[in-house]
Amino acid sequence: MTSTPAPTVFGNVSLGYVVVETEKFSDWRRFGREAIGMHVDDALSDVLRFRLDDHACRFLLQRGPAEDTIALGWQLDDHGSFEKVLARVTAHGVPVTEGTAEDAELRGVERLARFAGPNGLNQEIFTRPRIADTPLRAAVRGGFVTGAAGIGHVAVTTKRPQQMRGYYASVFDARLSDHIDETISGVKVKIRFLRVNERHHSVAIAAVNRLPINPIRTRVQHVNIQVAELDDMTESYQRVKQSGFGMALGIGQHTNDRELSFYAKTPSGFEWEVGWNPLVVDEATWEPATYQGISIWGHTPEGQTVIDKLRQFGAGAASLLRREDVVGALSGTGMPDR
């Protein structure tokens with residue numbers, strides 16, 4: 001007797017938008033429009049929105065003190081997948097809040113729901129994006145790569161990587177693409193890359209090996225977006241430097257997804273990766289692997305000072321005393337690390 005496979009939302013989910021809380025609207029406006037080259041919509045009071053394509057909103061900046069990413073918005077391709085995710089969350093006793101009409105309007109979506117995510121990063125799900133009324137005005141000639149695989153990815157750091165991986169597997173049927181082992185400033189770090197569709201990863205989870213510390217202040221270590229042409233990536237790199245914004249890592253190529261990219265420093269402190277030409281996963285042939293080091297070449301740190309190092313050390317030390325909520329009811333148990 002053969003068993004029926006459990007229903008899955010894998011392939012029907014993608015990263016649709018990111019919500020940031022900040023008081024630095026002027027700096028973010030320059031960063032998004034002049035440095036990165038995104039379309040800026042600043043018509044609403046206390047709200048700044050960036051577009052990458054015809055969707056009304058891909059990045060929502062709301063006024064507040066966090067200077068951090070506060071929510072991830074996940075698009076479900078159909079109402080059935082939306083209901084499956086809601087059922088999973090509520091079945092484990094995790095409260096779900098229906099988004100208000102104003103919440104949905106700001107995000108440019110229909111049918112919005114919100115629930116808790118690991119380390120205070122709220123998860124929001126929606127089914128239909130609203131299409132913008134005005135033409136896209138972006139400083140990238142070839143455009144940004146979005147489509148069915150979403151806007152890119154986020155990378156997060158954690159003291160409890162297995163539970164965080166279990167969360168995204170339980171809620172969105174995320175699959176492990178591969179691992180990277182890296183040594184940063186003498187500290188060994190393992191990074192797990194999770195995909196929810198053909199994009200190599202929508203979430204990367206980094207953790208210090210065998211040490212309960214998290215050296216990153218913000219909930220998200222970096223946000224990634226992708227351009228369609230190499231020249232757009234290199235020109236964005238030049239604009240970031242010419243605009244006076246900090247550069248975290250220069251241009252380089254990753255070992256696992258082969259993406260060429262650079263990492264800029266956002267006004268709120270987390271990093272912003274602009275990438276080009278990552279590989280696309282073929283589900284029929286893909287096998288997870290482990291890579292040594294994040295880069296084949298490049299990605300050299302730029303402009304890091306001793307003060308930056310000390311701040312990072314202080315953040316890591318402080319994290320020893322900080323409780324990290326991984327939403328245990330949804331984090332799974334016994335998740336194999338492969």
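Quick note: the coordinates plus some simple rules give every number you see, no bench work behind them. From a predicted model like this one, the values you see are computed outputs, not experimental measurements. When we count neighbours, we look across all protein chains shown, and the Cβ atoms used for this are built from the backbone with ideal geometry, even at glycine.
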Could you give me the ³J(HN,Hα) list for region 101-115, computed from phi with Karplus coefficients 6.51, -1.76, 1.60 and θ = phi - 60°, whole Hz, x at Gly and Pro?
4, 5, 4, 5, 5, 4, 8, x, 9, 10, 6, 9, 9, 9, 8
Based on other C-beta atoms within 10 Å, arrange HIS200, HIS222, HIS92 from fewest to most.
HIS92, HIS200, HIS222
For the residues SER261, SER170, SER236, what sequence is obtained by ranking on other C-beta atoms within 10 Å, fewest first?
SER170, SER236, SER261
For region 48-111 and region 219-277, what is the separation of their C-alpha centers, rounded to whole Å?
25
For the chain, give the magnitude of the charge dipole about the Cα centre (Cβ charges: +1 Lys/Arg, -1 Asp/Glu; no others), in debye to the nearest 20.
960
Listed residue pairs exceeding 25 Å between alpha carbons, taken from LYS24/LYS190; LYS190/LYS265; LYS159/LYS188:
LYS24/LYS190
13 Å beta-carbon shell around ALA139, net charge (K/R +1, D/E -1):
+1
With contacts defined as alpha carbon pairs under 8 Å and 6 or more residues apart, what's the relative contact order of the chain in percent?
20
Can you list residues whose amide H is under 5 Å from ALA113's amide H, if they're 5+ apart or on another chain and H is modeled 1.01 Å from N?
GLY99, ILE125
Using a Gaussian network model on the chain with a 10 Å cutoff between Cα atoms, which of GLN226, GLN238, GLN75 fluctuates the most?
GLN238
Using r as the Cβ-Cβ distance of ARG137 and THR90, and R0 as 41 Å, what FRET efficiency do you calculate, to the nearest 0.05?
0.50
What aspartates and glutamates could a cross-link reach from LYS241, if we take a straight Cα to Cα line under 13 Å and drop same-chain neighbours fewer than 8 places away?
GLU34, GLU302
Rounded, prolate or oblate: which fits region 147-329 when a ≥ b ≥ c are the square roots of the eigenvalues of the alpha-carbon gyration tensor, with rounded for a/c under 1.5 and prolate only if a/b beats b/c?
oblate
Order these by the 10 Å Cβ neighbour count, fewest first: GLU98, GLU287, GLU110.
GLU287, GLU98, GLU110
Overall form of region 175-267 per C-alpha gyration tensor (a/c, 1.5; a/b vs b/c)
oblate
List the residues whose amide H sits under 5 Å from the amide H of ILE184, counting only those 5 or more places along or on another chain, with H placed 1.01 Å from N in the peptide plane.
VAL189
